[in-house]
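Shown next, in structure tokens, is the structure this report addresses.
The values are calculated or read from the model by the stated rules, or taken from the named source; none is laboratory data. Given the structure is predicted, the values throughout are model-derived calculations rather than measurements. In this analysis, Cβ positions are derived from the backbone assuming ideal geometry, glycine residues included, and neighbour counts consider all displayed protein chains.
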Amino acid sequence: MKIVPRDIPPRTVWTLEQAGVHPLLAQLYAARGVLGTDELDDGLARLLAPDSLLGNSAAAVLLADAMAQEKRICIVADYDCDGATACAVAVRGLRLLGAKNVGYIVPDRVQDGYGLTAPISQRVKDSGADLLITVDNGIASFEGVAKARALGLQVLVTDHHLPASIDGQIQLPEADVIVNPNQPLCPFASKSIAGVGVMFYVLLALRAELRQRGQIDTNNQPKLDALLPLVALGTVSDVVKLDANNRRLVAQGLKRVRALAMPAGMAALFEVSARQARSATSFDFGFALGPRINAAGRLSDMTLGIECLLSDDPARAQQLAKALDGINRERREIESGMRDQALAVAEALFSGEQAAPPAICLFDASFHEGVVGIVASRIKDKLHRPTFVFAASAATGHEHELKGSGRSIAGFHLRDALDLVAKRNPGLLLRFGGHAMAAGCTLERRQLDAFEQALSNVAAEWLDAATLTRRIDTDGPLQPQYRRVELVDVLHREVWGQGFAAPTFSEELEVLSQRLVGEKHLALKLKHQGQPVDGIWFGRTEPLPARVKLAFRLDADAWNGVRRVRFLIEAAELDS
């Protein structure tokens with residue numbers, strides 16, 4: 001493990017300080033590439049213009065026409081938190097803007113697979129719909145879109161995933177309209193916007209179109225900002241890069257959550273996860289609410305999650321949130337057993353002096369396909385290698401197939417690696433897709449060894465010793481005047497996440513005492529800049545040396561009604 005301080009440009013720090021930014025925040029922002037206070041303005045007026053999103057104006061016309069003709073609209077969602085929140089935003093937003101007939105369908109992870117398939121298009125048609133809208137999917141659904149069009153459905157694709165590339169050429173489905181910032185020629189600056197954000201932008205454009213038609217005016221138009229808590233939740237949960245526009249969306253959502261202006265389902269999720277909405281943070285979205293919604297798509301039916309987010313009845317919302325919480329507990333139990341089993345297998349691959357392989361592929365007949373992605377992430381974090389975890393497909397008629405989910409490390413583009421594997425080994429992968437850090441694929445069970453070898457070959461070519469060395473980027477030493485509870489609260493109120501990492505400090509500290517608590521956490525008493533401070537390293541059981549370089553985040557805990565700063569230890573730079 002290497003602990004590496006970020007570069008902090010002093011001129012940028014000075015510029016931010018002169019503009020009134022707190023000195024500590026100025027350092028943190030400068031280290032994350034912020035150049036001026038305009039990037040820190042989270043006002044709604046600073047959001048990127050909806051008409052800069054290619055296809056958005058055409059989508060607004062399509063939707064406004066459909067509403068005028070009272071056509072039936074069906075949303076085809078995805079079974080993760082981004083897809084669920086995007087579906088809820090679409091249904092709530094369209095109804096707010098006057099749509100009379102809006103319903104939704106969410107695919108089953110096991111039986112339907114990912115995206116808009118031909119059978120799902122048939123289900124949409126059978127439901128009596130006239131217009132099909134995809135959210136958080138559809139950009140690679142060629143057969144599903146073609147089937148829908150053949151059935152006489154109009155199709156609006158809203159997505160944020162990368163389009164398919166065939167023989168080096170970008171291919172798009174033949175939908176009536178496509179709204180996706182990652183489609184060719186789209187000038188929208190935020191390529192990292194989540195699926196829920198794309199749908200929110202479609203609604204903004206639709207509202208503008210309805211104003212232009214004279215159906216609403218600025219005095220009586222619906223307030224779409226009521227949807228921002230859902231947009232923030234989906235954005236953080238999908239772990240997209242928090243560029244300036246995404247940070248604004250999340251910040252605006254958090255403001256409303258803290259004012260308790262959110263859907264009843266979100267309020268119920270805060271309650272069942274024992275989090276305080278009035279002091280909500282982006283961490284609550286990513287580690288409390290998001291996992292409970294995701295659990296429905298992994299182990300049960302994402303309809304539960306969507307219904308929770310759509311409910312305006314507090315009693316029903318509470319009932320649904322409790323059901324989601326129970327499913328999430330089950331998910332954690334399954335994941336824990338799979339993780340321990342997978343780690344034992346992985347560590348056996350390179351016990352003793354044998355070096356770890358450049359990429360790891362794991363399969364067991366008992367693995368549950370709903371949590372292979374989470375387990376792959378845990379193994380990747382533990383072993384710092386690109387990791388795929390496979391489970392046998394539970395879909396009827398596909399029992400001979402394996403479904404794999406992969407997670408990667410910096411410097412290894414997982415989707416590109418799969419593309420190269422597919423090109424070198426025609427027919428090896430039945431399906432694949434994804435992004436740089438997360439991807440999935442399906443293959444015949446008999447092809448697992450061939451895939452493992454092919455992926456390892458690519459990893460051996462692309463990865464070097466520096467890339468395979470685990471590192472954590474930090475903000476360097478913490479000045480003692482910033483070790484205060486009120487500054488902990490200031491930091492917690494800011495928006496942190498993927499691509500805009502939460503503040504992590506590092507320096508060599510003296511370990512005054514250490515003991516195990518709960519049999520799996522290391523409680524520490526540390527000396528920082530001559531003063532004692534408590535520390536906790538969750539999930540660590542091995543003792544630390546008397547002096548050690550640590551990476552840590554700031555937190556506050558309470559004892560006898562008194563709040564004190566403590567360090568949450570993230571990593572240690574050890575010789576062995």
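Restricting the search to the range 255-272, which residues are out of contact with any Pro (no Cβ under 8 Å at 6 or more places or on another chain) and either buried (at least 18 other Cβ atoms within 10 Å of the Cβ) or on the phi > 0 side of the Ramachandran plot (or both)? The answer is Leu260, Gly265, Leu269, Phe270, Val272.
Screening Leu230 against (1) assigned to a helix (DSSP H, G or I); (2) surrounded by fewer than 17 Cβ atoms within 10 Å (Cβ to Cβ); (3) in contact with a Ser or Thr (Cβ under 8 Å, 6 or more places away or on another chain) leaves a single unmet condition, (2). The set of residues in the range 459-498 being of a type in the set (Gly, Ala, Ser), surrounded by 15 or more Cβ atoms within 10 Å (Cβ to Cβ) and assigned to a loop (DSSP other than H, G, I, E, B) consists of Gly476 alone. So which residues in the range 511-537 are of a type outside the set (A, V, I, L, M) and closer than 22 Å to Val4 by Cβ, if there are any at all? Once the filter is applied, which keeps residues that are of a type outside the set (A, V, I, L, M) and closer than 22 Å to Val4 by Cβ, the range 511-537 yields His528, Gln529, Gly535, Trp537. Taking the range 116-151 as the region of interest, how many residues are surrounded by fewer than 24 Cβ atoms within 10 Å (Cβ to Cβ) and either assigned to a loop (DSSP other than H, G, I, E, B) or outside the structural domain of Val198 (by TED's automatic domain parsing) (or both)? The qualifying residues number 6.
Can you name every residue in the range 46-99 that is modelled with pLDDT under 95 and either in contact with a Leu (Cβ under 8 Å, 6 or more places away or on another chain) or not in a loop (DSSP other than H, G, I, E, B) (or both)? Quick ask: steps written out before the conclusion?
First, pick out the residues of the range 46-99 that are modelled with pLDDT under 95: 78-80.
Within the range 46-99, no residue meets the criteria.
Checked across the range 441-454, the condition of being modelled with pLDDT under 95 and not polar (S, T, N, Q) holds for at least one residue.
Restrict the check to the range 542-565 and report whether at least one residue is in contact with a Gly (Cβ under 9 Å, 6 or more places away or on another chain) and surrounded by 13 or more Cβ atoms within 10 Å (Cβ to Cβ). Yes, the conditions are met somewhere in the range 542-565.
Residues in the range 183-194 that are more than 23 Å from Asp112 (Cα to Cα), surrounded by 17 or more Cβ atoms within 10 Å (Cβ to Cβ) and within 20 Å of the chain's Cα centre (by Cα): Ser190, Ser192, Ile193. For the range 157-168, filtering for residues that are of a type in the set (Val, Ile, Thr) and surrounded by fewer than 17 Cβ atoms within 10 Å (Cβ to Cβ) leaves 1. Go through the residues of the range 461-469 one by one and say whether even a single one is under 24 Å from the mean Cα position of the chain (by Cα), under 26 Å from Val236 (Cα atoms) and of a type in the set (Ser, Thr, Tyr). No: the range 461-469 contains no residue that is under 24 Å from the mean Cα position of the chain (by Cα), under 26 Å from Val236 (Cα atoms) and of a type in the set (Ser, Thr, Tyr). Of all residues in the range 362-373, those that are in contact with a helix residue (DSSP H, G or I) (Cβ under 8 Å, 6 or more places away or on another chain), surrounded by fewer than 22 Cβ atoms within 10 Å (Cβ to Cβ) and touching a residue at least 60 places away in the same chain (Cβ under 8 Å) total 2.
If you go through the range 284-309 and pick out every residue that is surrounded by fewer than 21 Cβ atoms within 10 Å (Cβ to Cβ), touching a residue at least 24 places away in the same chain (Cβ under 8 Å) and not acidic (Asp, Glu), you end up with 5.
Selection within the range 34-48: residues that are surrounded by fewer than 14 Cβ atoms within 10 Å (Cβ to Cβ) and of a type outside the set (D, E, K, R). The member of this set that is nearest to Glu573 (Cα to Cα) is Leu35.
With a requirement of 2 or more residues that are touching a residue at least 60 places away in the same chain (Cβ under 8 Å), the strands (runs of 3 or more DSSP E) lying completely within the range 518-562 that satisfy it span 547-559.
In the range 378-412, how many residues are within 20 Å of Gln498 (Cα to Cα) and crowded, with 19+ Cβ neighbours inside 10 Å?
At the first step, the residues of the range 378-412 found to be within 20 Å of Gln498 (Cα to Cα) are 378-382, 384-387, 405-412.
Among the residues that remain, those that are also crowded, with 19+ Cβ neighbours inside 10 Å are: 378-380, 385-387, 405-409, 412.
Final tally of qualifying residues: 12.
Output the qualifying pairs, or none if there are none: Cβ atoms under 6 angstrom, residues six or more apart or on different chains, first residue in the range 212-230 and farther than 18 Å from Leu63 by Cα and assigned by TED's automatic domain parsing to the domain that holds Ser57, second residue part of a helix (DSSP H, G or I) and among the β-branched types (Val, Ile, Thr). Listed by first residue and then by second, the contacts come to Leu227/Val89; Pro229/Val257; Leu230/Thr85; Leu230/Val89.
Each residue in the range 102-115 was checked for being modelled with pLDDT of 95 or more and crowded, with 17+ Cβ neighbours inside 10 Å, and 3 of them qualify. Of everything listed in (1) in contact with a helix residue (DSSP H, G or I) (Cβ under 9 Å, 6 or more places away or on another chain); (2) surrounded by 17 or more Cβ atoms within 10 Å (Cβ to Cβ), the single unmet condition for Leu54 is (1). Being hydrophobic (A, V, I, L, M, F, W, C) and either closer than 18 Å to Thr158 by Cα or within 25 Å of the chain's Cα centre (by Cα) (or both) is the filter here, so list the residues in the range 209-224 that pass it. Result: Leu224, single match. Against the definition (buried (at least 20 other Cβ atoms within 10 Å of the Cβ), at pLDDT 95 or above and within 15 Å of the chain's Cα centre (by Cα)), how does Val198 come out, yes or no? Judged against the criteria, Val198 is a match.
Being free of Cβ contacts under 8 Å to residues at least 60 places away in the same chain, under 19 Å from Val490 (Cβ atoms) and not basic (Lys, Arg) narrows it down to one of Thr12, Thr37, so name that one. Write out each step before concluding.
Working: Thr12 fails: under 19 Å from Val490 (Cβ atoms).
None of the others qualify; the one that does is Thr37.
Need the failing condition index for Val21 against (1) assigned to a helix (DSSP H, G or I); (2) closer than 27 Å to Ala501 by Cα; (3) out of contact with any Asp or Glu (no Cβ under 8 Å at 6 or more places or on another chain); (4) of a type outside the set (Ser, Thr, Tyr), just the number. Here Val21 meets the rest and fails (1).
When you go through Val257, Val240 one by one, which is the residue that is modelled with pLDDT of 95 or more and either in contact with a Cys (Cβ under 9 Å, 6 or more places away or on another chain) or not assigned by TED's automatic domain parsing to the domain that holds Ala501 (or both)? If you could, list the steps in order and put the result at the bottom.
Details: Val240 fails: modelled with pLDDT of 95 or more.
When all the criteria are applied, what remains is Val257.
Do the conditions hold for Gln154, that is, is it polar (S, T, N, Q), buried (at least 17 other Cβ atoms within 10 Å of the Cβ) and under 22 Å from Arg72 (Cα atoms)? Taking the combined requirement at face value, the residue satisfies it. Applying a threshold of 6 Å to beta carbon distances and a minimum spacing of six or more residues, or different chains, the list of pairs starting in the range 166-194 at a residue that is in the same structural domain as Ala232 (by TED's automatic domain parsing) and ending at one that is β-branched (Val, Ile, Thr) and in a loop (DSSP other than H, G, I, E, B) reads Asn180/Ile139; Pro181/Ile193; Ser192/Val240; Ala194/Val240.
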